[in-house]
Amino acid sequence: MKQQISEFEWDYPYPHTYQIKIKNSDIDGMGHANNACYVIWCEQCAWDHSQSLGLGVEDYQRLDRGVAIHKASYEYFLPTLEGEELLIGTWLTACDHKLRLERRFQMINMQTGRTVQRGHWQLICVTVSTGKAAKFPQEFIDIYGNAVVPTG
């Protein structure tokens, strides 16, 4: 039985959610979703969240600024199988208003309600045209900084 989004035990309040259904092409030789797919799903969820906040690829290009992953870590708890649906929650959990941003992920199997994966990204602001670290433009501070959720 599929649960409602509000019924899940989220790590932090008010997740931005992104839903996926595991396809046959996501399955590896061990018969479950390949770990690389989880990384891609986190990226898709992060972009979906950023766009919902008002910062998309076009804005990154216009501002010649973007955020890039500096460090990423993932914990995998349970396998997932073809046909299962995952709900990915993401949050911005820290912003120093200068250069650094932090994002967390939690993937829940919608059929069982169990957490199958958690992820953590540390991001830095970069100049899109050069790839070099740069200070956040005010637009990033206003949008990303105001979207940070309390984690304590």
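Residues being in a loop (DSSP other than H, G, I, E, B) and surrounded by 15 or more Cβ atoms within 10 Å (Cβ to Cβ): count how many of those fall in region 13-26.
Residues of region 13-26 in a loop (DSSP other than H, G, I, E, B): 13-15, 22-23.
If we keep only those that are surrounded by 15 or more Cβ atoms within 10 Å (Cβ to Cβ) too, we end up with 15, 22.
Adding up the residues that qualify gives 2.
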Seminar exercise, completed: Output for Cβ contacts, cut-off 8 Å, separation at least six or different chains, first residue on the phi > 0 side of the Ramachandran plot in region 80-98, second modelled with pLDDT of 95 or more and part of a loop (DSSP other than H, G, I, E, B), reads GLY83/ILE22; HIS97/PHE136
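Among the listed residues ILE88, ILE69, identify the single one that is more than 21 Å from VAL128 (Cβ to Cβ), aliphatic (A, V, I, L, M) and touching a Phe, Trp or Tyr at 6+ places or on another chain (Cβ under 6 Å).
Details: ILE69 fails: more than 21 Å from VAL128 (Cβ to Cβ).
Of the residues listed, the single one that is more than 21 Å from VAL128 (Cβ to Cβ), aliphatic (A, V, I, L, M) and touching a Phe, Trp or Tyr at 6+ places or on another chain (Cβ under 6 Å) is ILE88.
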For this session: Would you be able to say whether some residue in region 84-100 is of a type in the set (A, V, I, L, M), outside any loop (DSSP other than H, G, I, E, B) and farther than 30 Å from ILE22 by Cα?
Result: yes
For this session: Just give me the residues in region 52-84 being of a type in the set (Asp, Glu), more than 30 Å from GLY31 (Cβ to Cβ) and surrounded by 15 or more Cβ atoms within 10 Å (Cβ to Cβ), in sequence order.
Result: ASP59
For this session: Return the residue satisfying two criteria in turn: it lies in region 110-145 and is assigned to a helix (DSSP H, G or I) and touching a strand residue (DSSP E or B) at 6+ places or on another chain (Cβ under 9 Å), and of such residues it is farthest from LYS71 (Cα to Cα).
Result: GLU139
Exercise. Could you list, in sequence order, the residues of region 76-91 that are of a type in the set (Asp, Glu) and under 17 Å from the mean Cα position of the chain (by Cα)?
Worked result: GLU85
Exercise. Going through region 113-140 one residue at a time, which ones are among the hydroxyl-bearing types (Ser, Thr, Tyr) and in contact (Cβ under 8 Å) with a residue 24 or more places away in the chain?
Worked result: THR115, THR127, SER129
Problem set entry | Test: residue in region 43-52 that is part of a strand (DSSP E or B) and of a type outside the set (Ser, Thr, Tyr) | no
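Quick one: which of ALA68, ALA72, ALA46, ALA36 is over 25 Å from THR127 (Cα atoms) and of a type outside the set (Asp, Glu)? Can you show your working first?
Working: ALA68 fails: over 25 Å from THR127 (Cα atoms); ALA72 fails: over 25 Å from THR127 (Cα atoms); ALA46 fails: over 25 Å from THR127 (Cα atoms).
After ruling out the rest, the residue left standing is ALA36.
The values are calculated or read from the model by the stated rules, or taken from the named source; none is laboratory data. Computed from a predicted structure; not experimentally measured. Don't worry about glycine lacking a Cβ; one is built from the backbone with ideal geometry, like all the others, and counts go over all protein chains shown.
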